[in-house]
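Report on one structure; see the data block that follows.
Just so you know, all these numbers are worked out from the coordinates, no wet-lab data involved. Remember, it's a predicted structure, so these values are computed and weren't measured experimentally. Glycine also receives a Cβ, built like all others from the backbone with ideal geometry; neighbour counts cover every protein chain displayed.
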There are 2 protein chains.
Amino acid sequence: MDSECAPDTPFGYDAFRRECMSHTVLEMLASKWVYLVVGALKPGRRRYGELQRKVEGITPKMLTQTLRILERDGLVRREIFPVIPPRVEYELTDLGCNLSDLLNQIRVWAERHAPEIRDSRAQSLAGGDEPAEFRA
Amino acid sequence: MDSECAPDTPFGYDAFRRECMSHTVLEMLASKWVYLVVGALKPGRRRYGELQRKVEGITPKMLTQTLRILERDGLVRREIFPVIPPRVEYELTDLGCNLSDLLNQIRVWAERHAPEIRDSRAQSLAGGDEPAEFRA
DNA sequence: CCGAATCCAAATCGATACTG
DNA sequence: CAGTATCGATTTGGATTCGG
């Protein structure tokens, strides 16, 4: 094993520990752009420009950076076609597909529960807590 | 609906659009500390100090900030006992429990696939790409 | 068309010290 | 015990420019 990770988890890794390898994996996943790019990659092969259009507001810099991280970690495969104009396609690996299913569940959850969360935030702003505190 | 979100999703929200409410939910979830704190909260009620010990390396500042965000969004309930010394307990709401299951799957995924990802990163560093490029 | 490179502003985070 | 306050380091992100 990489280093001393708590042994009370199914696979000998414990993301709660900073030195544990799985902790760094979680850090990698904890990114808005990773969610969205992996989500945009879900059906099949995608070109760079497609991704940029699908993930609204992502800059070339962040898109490239995110794709490089995903490639480095074995979640995405990149294929370059030596033609002019350049053509580069991205595709999820098996590992990436596997992850994609989970991340998409989160995305769907976010979409499904957005209203409740919006309401909760509104209440928070209005000072909506402690029962029966009537402010005239 | 909050604003113009693409209508081609099951719930009328589309996290790929920046102005969409669900996009901000995703931003909230895309945090290492949210993963870990929600994970640490999974079985039942937890005191502040317990959480701090469980989530290795979290500072009081980040722990408080994360808990406040989760409370604001209706995922965590906070109960204060007016005693000395102070006692404060945190608990997932139903919504939070629901989310917790998903986030835990991600955490387990990270733990399970940590070895493959470590290997992939190592290969990346070694320049391990393009087939049959023999570097003497 | 697909990026790489650079610069800079801003937000985030961590460490530490302090309080009721 | 359960936070708050402050400060500096680090990271992040966006805008822009350039090249193959």
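To the nearest whole number, what is the average tally of beta carbon atoms from other chains within 10 Å of the beta carbons of peptide A:80-93?
0
Enumerate the amide H contacts of A:Asp14 below 5 Å, restricted to partners 5 or more residues apart or on another chain; note that Pro and chain-start residues carry no placed amide H.
A:Ala6, A:Ser22
Put a dot 7 Å past each Cα toward the Cβ at B:Lys61 and B:Arg87; how far apart are the dots in nm?
3.1
Report the charge-dipole magnitude of the range B:36-136 in Debye, nearest 20, computed about the Cα centre from +1 at each Lys and Arg Cβ and -1 at each Asp and Glu Cβ.
About 620 debye.
Can you give the calculated 222 nm mean residue ellipticity of the protein assembly as shown, where each DSSP H run of n ≥ 4 adds -39,500 (n - 2.57) and the sum is split over every residue, rounded to the nearest 500 deg cm²/dmol?
-16500 deg cm²/dmol, from helical runs alone.
Any idea how far the Cα center of the range B:53-88 sits from the one of the range B:111-127, in Å?
35
Return the average number of partner chain Cβ atoms within 10 angstrom of each residue Cβ along peptide A:27-36.
Mean shielding by partner chains, rounded to a whole number: 5.
Quick one: with label points 7 Å out along Cα→Cβ, list the inter-copy distances for B:Arg45 in nm, shortest first?
Computed spacing set for this position: 5.8 nm.
Tabulate in residue order the Karplus-calculated ³J(HN,Hα) for the range A:31-41, using 6.51 cos²θ - 1.76 cosθ + 1.60 with θ = phi - 60°, rounded to whole Hz; enter x for Gly and Pro.
8, 3, 5, 4, 3, 6, 5, 4, x, 6, 8
Roughly how many debye, to the nearest 20, is the charge dipole of the protein assembly as shown about its Cα centre, given +1 on each Lys and Arg Cβ, -1 on each Asp and Glu Cβ, and no other charges?
For this selection, approximately 500 debye.
As a quick test, which of the pairs A:Lys54/B:Lys32; A:Lys32/B:Lys42; A:Lys42/B:Lys61; A:Lys54/B:Lys61; A:Lys61/B:Lys42 have an alpha carbon distance above 27 angstrom in this structure?
Pairs exceeding the cut-off: A:Lys42/B:Lys61; A:Lys54/B:Lys61; A:Lys61/B:Lys42.
For A:Arg87, what residues show an amide H to amide H distance below 5 Å, using hydrogens built from the backbone and excluding near sequence neighbours?
Hits under the 5 Å cutoff: A:Phe81.
I'd like the Karplus ³J(HN,Hα) series for the range A:19-25: coefficients 6.51, -1.76, 1.60, θ = phi - 60°, whole numbers in Hz, and an x wherever there's a Gly or Pro.
Here the 3J(HN,Hα) series is 7, 6, 3, 5, 5, 5, 5 Hz.
In whole Hz, what ³J(HN,Hα) sequence does the range A:55-72 give by Karplus (6.51, -1.76, 1.60; θ = phi - 60°), x for Gly and Pro?
The phi angles translate into 8, 4, x, 6, 8, x, 4, 5, 5, 4, 4, 5, 5, 5, 5, 5, 5, 4 Hz.
Given the rotation relating A and B, tell me which residue in A puts its Cβ closest to the axis and the distance in Å.
So the closest residue, with its distance, comes out as A:Ala30, 3.
Using a label point 7 angstrom from Cα along Cα-to-C-beta, what distances in nm, from shortest up, separate B:Gly57 from the other copies?
When each copy's label point is compared with this one, the spacings are 2.8 nm.
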